[in-house]
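Student: Handing you this structure, nothing more for now.
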Amino acid sequence: MARKGVQHRLTRVFLIQILFISMATVFGVWATAQIIEQVLVKEALIKEAEHYWSLHDRDDDFPRPNTRHLLGLLEDDDTRDPVPPVLADLPDGYQRVHLDGENPIVYIEHHGDARLYLIFDEQRVSVLAFLFGILPLTAVLLVIYLTSFLGWRKSRALVSPLVKLSEILRHTDADDPTQARPDLEAVEAEPGSEAAVLLAALDAYADRLLRFVERERQFTRDASHELRTPLAVFRANLELLARQVGDRPIIGRMSDTVDDMESLVETLLLLARTEQQPVQEEDLVVNDVAVNLLDRLQPLAERKQIRLQVRQTALLTLRASETVLNIVLTNLVRNAINYSGSGQVTIVVADNAIHVEDTGAGMDAQELARFLKPFERGTSSEGGHGLGLAIVQRLCERFQWSLDVASQPGKGTEVRVRFGD
């Protein structure tokens, strides 16, 4: 995976900057050398030749140029300087020639019957150019490189707290209560800097968020515990009433409601516990769990004239909490029974997944999106509290199970819980 962090991008920007400076410098040196050779030196040799011919016209014996860098040779009727054969065959003009192991610049020009050879040795001039041009340019480049390096170091120092903070947040598991509050003390930032302000804000926000979550958990635990007592009293009185007046439909509906409330309370307690401490997992045969669930909910299905069945297409084993799995499946099956009206509810145990299918009225896309929200219920008069599917969703997210719901008006609803990939 390619690195795309801020520090990596800063390093890349500085390297590109140095590369462009170096390329511009090399191009500038090359262009300067070409200009010196093709323009300045050529123009100087042409002017030198003009000046010599003007003096030669006045005095035929005027001496040819003979300096440290320039040598003049002349061929005319009176003068025969020793011209190297390689120069004698060259045409007039400005050119570079390989001569005696060197490559001097040569300018040849005719003036009447005379021919002048000007040989310019630029190597000594190049040494001067190196001493007075390349060395100062190199020093300037070193200053630029050093300044860029110091700027790069300072930039990395400024963004390093942000990089470290992002790494800490990236490796923080928000679903794990023991790691939900990241340790920001390891991030060092200059007092008063933007990074220090950000760290303080994140620290304060984490404290407020954790206090809010803890209050919610405490309320859920307290409310669930307090609800257990009145529910137990209500169930005992229902059983006493049933023995006195017999099994009446209204008593059955009240009993079903108590079952729903007890299941909801147990689920809330489980959520409050599992988000604070890990649950005990064991190896389960999901087929057995589904069959046991069928036996428990069969009386409810019969009272509502629903045919409840289990279809096993695979042997599914899973390492999970039996309590959590029971709560998930119980909520799904109860929900399907409550909203089917009359018809059939099927629990399908498949490969790595379990399906709950009903033949109820079904829902369109808009109703389905609303139905997945807490405290939203379907149109059935037998509906519960609007929390069942939302709680199932929360439990599936907690244990990294996948929950999919498909429904079509008039064709029923299918809910699938997929365990792992």
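Student: Just checking, which of Ala206, Ala189 is assigned to a helix (DSSP H, G or I), at pLDDT 70 or above and among the hydrophobic types (A, V, I, L, M, F, W, C)? Show your work before the answer.
Tutor: Values: Ala189 fails: assigned to a helix (DSSP H, G or I).
Just one listed residue meets the conditions, Ala206.
Student: Across segment 69-113, what is the number of residues that are free of Cβ contacts under 8 Å to residues at least 60 places away in the same chain, open to solvent by less than 70 Å² (accessible area, probe 1.4 Å) and of a type in the set (D, E, K, R)?
Tutor: The total comes to 3.
Student: Under 41 Å from the mean Cα position of the chain (by Cα) and farther than 16 Å from Phe399 by Cβ, is that true of Ala361? Full working, then the answer.
Tutor: Values: under 41 Å from the mean Cα position of the chain (by Cα): no; farther than 16 Å from Phe399 by Cβ: yes.
Spelling it out, it is not the case that Ala361 is under 41 Å from the mean Cα position of the chain (by Cα) and farther than 16 Å from Phe399 by Cβ.
Student: When you scan segment 363-418, how many residues do you find that are modelled with pLDDT under 80, polar (S, T, N, Q) and open to solvent by less than 80 Å² (accessible area, probe 1.4 Å)?
Tutor: The qualifying residues number 1.
Student: Please work out which one of (1) closer than 30 Å to Thr79 by Cβ; (2) modelled with pLDDT under 80; (3) touching a helix residue (DSSP H, G or I) at 6+ places or on another chain (Cβ under 6 Å) is the condition Leu118 fails and give its number.
Tutor: (2)
Student: Here's another thing I want to ask about it. For segment 53-68, which residues satisfy the criterion of being within 12 Å of Leu118 (Cβ to Cβ), touching a residue at least 40 places away in the same chain (Cβ under 8 Å) and either open to solvent by less than 60 Å² (accessible area, probe 1.4 Å) or outside any loop (DSSP other than H, G, I, E, B) (or both)?
Tutor: To start, the set of residues in segment 53-68 that are within 12 Å of Leu118 (Cβ to Cβ) comprises 53, 64-67.
If we keep only those that are touching a residue at least 40 places away in the same chain (Cβ under 8 Å) as well, we get 53, 64-65.
Hits for segment 53-68 are Trp53, Pro65.
Student: Scanning for something over 19 Å from Met261 (Cα atoms), at pLDDT 80 or above and not acidic (Asp, Glu), does segment 330-341 turn up at least one residue? Write out each step before concluding.
Tutor: Here is the first cut: in segment 330-341, the residues over 19 Å from Met261 (Cα atoms) are 340-341.
Applying the additional criterion that residues be at pLDDT 80 or above yields none.
So far as segment 330-341 goes, no, none of its residues is over 19 Å from Met261 (Cα atoms), at pLDDT 80 or above and not acidic (Asp, Glu).
The values are calculated or read from the model by the stated rules, or taken from the named source; none is laboratory data. As the structure is a computational prediction, the values presented were derived from the model and not from experiment. Cβ coordinates were reconstructed from backbone atoms using ideal geometry, including for glycine residues, and neighbour counts include every protein chain displayed. Accessible surface areas use protein heavy atoms only, side chains included; no ligands, DNA or RNA. Shrake-Rupley method; radii C 1.70, N 1.55, O 1.52, S 1.80 Å.
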